[in-house]
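Inspection log for the structure reproduced underneath, given as C-alpha cells.
Every number in this text was worked out from the coordinates using simple rules, so none of it is lab data. These numbers come from a predicted model, not from an experiment. Don't worry about glycine lacking a Cβ; one is built from the backbone with ideal geometry, like all the others, and counts go over all protein chains shown.
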Amino acid sequence: MDDVLLRQALEFGKPYTGKGEVASYIPELSKADGRELGICVRTIEGEEFHCGYWQRRFTIQSISKVINLSMALEHHGFDAVFHKTKMEPSGASFNSMSRISDNEDIPFNPLINSGAIAIVELLLPLGLDYMLSAVRDLCGDKYITIDEEVFQSEWSHSARNRSLAYLLQSKGLMDGNVEDTLRLYTQLCSLSVTAESLSNLGQLLANGGVQPETGRRLLKEEVVRTTLTMMLTCGMYDGSGEFAVRVGLPSKSGVGGGILSVVPGEMGIGVYGPSLDRKGNSVAGQKVLEYISRTEKLHILDRYSRNSLSAPQN
Ligand code: GLU
C-alpha cells in the first residue's frame, strides 16, 4: 500500500462518478458534488495514506448502522440484538418493508433501515451525548457533530422510516417511544464524518476492537466478529453479493457517499464519492475499492491463494 497506488485507484474510479446520481430523497444531500472522490487508508501499524477529497465532511448515513450494531452488542449482548432482527441478507432495498409485514417475520438484518431502527431503541437509554462521544472515540475524530441541515431535511422527509418504525411497534418489536427512537436514528445518520474518520473506524475493526495507537480496547472481540460478518453479507444493500465477489471485504455504504471497508488484521479504508448507483452505493467508490482489492490481493479469500503451495517445479 502506498500513495501511488491510491492515486492510481482514484484515477481508475473518477470516470465512474458520471455514471450515478447524488441522493435526492433527502433534499439536503442533493447539494453534494457528485464529481468528488476521496480515499483514506489507515493500517494497524499506524500508517496513513490518502488522496483526493479525503478531508471532505459528509454525513455518515447508513454507516452509522455499523456503530449502532456494535454498541448494541456491547451493551445488550448477542441475544437481545438478534431477538429484534435476523442475520440474513435481504436482497431488497435499504428501506424495504419486504416480509416484515408478515406476522411471523422480523427485519432481515441490523444493517437495513427496519433492523437498524429496531436496534436503535436499545440505545435510547444511553442517549445522544453518550453516543456522540462513543462515535468520536470509535472514529478517532473529535470534530464529528450532527449536521443540522441534513438532520432537519431528513426529519421532515422521514415518512418511510416512520412507517417502518410503527410497523415494528405493531409487531411488538419496539415497545418504547417510537418518535424518540426515530429521532436518535436520524441524528446518528446525520453525523458528519470524513473518509479519514471512516478509515480510523475501519482500523479499529481490523484490529479486533483495540485501538492500535493507545492499546485501548473499545469493542469486544466477538462484537467485532459479528459486526464484520454482517458487513460482509449485508453491508452494501441489495448489492452485497456482487460486491463480495468483486471486492471481498466487510464493508458498509451510506447514501451520503461514504463506504467503510475493513481488511481484517491489516487496515481500515474510508472512501467518499457521493455519486450513487441505483442501489444507493457510491459508484466510483466501489470501483476504487475493487481496484485496490485486486491490485493488492486484499479479497479475504485471496488469502488462501496467497498461502497456497505453488505447483511443484519438475
Ligand atoms: N438516513 C438514511 C435513511 O434512513 C440512511 C439510508 C442509507 O444511507 O442507506 O434513509
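Taking only pairs six or more apart or across chains, which ones have beta-carbon atoms under 6 Å, a first residue in the stretch 46-64 that is more than 13 Å from LEU10 (Cα to Cα) and within 16 Å of the ligand (Cβ to nearest atom), and a second residue that is of a type in the set (A, V, I, L, M, F, W, C) and not in a strand (DSSP E or B)?
THR59/VAL150; GLN61/CYS189; GLN61/VAL255; SER64/LEU188; SER64/CYS189
Look at the stretch 42-98 and say how many of its residues are aliphatic (A, V, I, L, M) and within 15 Å of the chain's Cα centre (by Cα). Walk me through it before giving the result.
First, pick out the residues of the stretch 42-98 that are aliphatic (A, V, I, L, M): 44, 60, 63, 66-67, 69, 71-73, 80-81, 87, 92, 97.
Right, trim to within 15 Å of the chain's Cα centre (by Cα) and you get 60, 63, 66-67, 69, 71.
Qualifying residue count, the stretch 42-98: 6.
For the stretch 146-230, which helices (runs of 4 or more DSSP H) that fit wholly inside it have 2 or more residues that are in contact with a strand residue (DSSP E or B) (Cβ under 9 Å, 6 or more places away or on another chain) and within 15 Å of the ligand (Cβ to nearest atom)? Full working, then the answer.
Values: elements: 148-155, 159-170, 178-189, 195-206.
The helices (runs of 4 or more DSSP H) meeting that bar are 148-155, 178-189.
Among residues belonging to the stretch 119-145 that are in contact with a strand residue (DSSP E or B) (Cβ under 7 Å, 6 or more places away or on another chain) and assigned to a helix (DSSP H, G or I), point out the one that is surrounded by the fewest Cβ atoms within 10 Å (Cβ to Cβ).
Here is the first cut: in the stretch 119-145, the residues in contact with a strand residue (DSSP E or B) (Cβ under 7 Å, 6 or more places away or on another chain) are 135, 139, 141, 144-145.
Remaining after also requiring assigned to a helix (DSSP H, G or I): 135, 139.
Numbers: VAL135: 21, CYS139: 27.
Within the stretch 119-145, the match that is surrounded by the fewest Cβ atoms within 10 Å (Cβ to Cβ) is VAL135.
Name every residue in the stretch 153-164 that is out of contact with any Phe, Trp or Tyr (no Cβ under 8 Å at 6 or more places or on another chain) and either touching a residue at least 60 places away in the same chain (Cβ under 8 Å) or of a type in the set (Gly, Ala, Ser) (or both), in order of residue number.
Within the stretch 153-164, SER153, GLU154, SER156, SER158, ALA159, ARG160, SER163, LEU164 meet the criteria.
Filtering the stretch 7-26 down to residues that are more than 25 Å from GLU48 (Cβ to Cβ) and exposed (fewer than 15 other Cβ atoms within 10 Å of the Cβ), which residue is farthest from the ligand (Cβ to nearest atom)? I'd like the intermediate steps shown before the answer.
Step one: list which residues in the stretch 7-26 are more than 25 Å from GLU48 (Cβ to Cβ), which gives 15, 18-26.
Keeping just the survivors that are exposed (fewer than 15 other Cβ atoms within 10 Å of the Cβ) gives 15, 18-19, 21, 24-25.
On the way: PRO15: 24, GLY18: 21, LYS19: 19, GLU21: 14, SER24: 12, TYR25: 7 Å.
Selected residue: PRO15.
If you check PRO264 against the conditions, is it within 20 Å of GLU48 (Cα to Cα), of a type outside the set (Lys, Arg) and out of contact with any strand residue (DSSP E or B) (no Cβ under 9 Å at 6 or more places or on another chain)? Please lay out each step first, then the result.
Working: within 20 Å of GLU48 (Cα to Cα): yes; of a type outside the set (Lys, Arg): yes; out of contact with any strand residue (DSSP E or B) (no Cβ under 9 Å at 6 or more places or on another chain): yes.
Judged against the criteria, PRO264 is a match.
In the stretch 73-92, is there at least one residue being in contact with a Pro (Cβ under 7 Å, 6 or more places away or on another chain), closer than 20 Å to SER261 by Cα and not polar (S, T, N, Q)?
no
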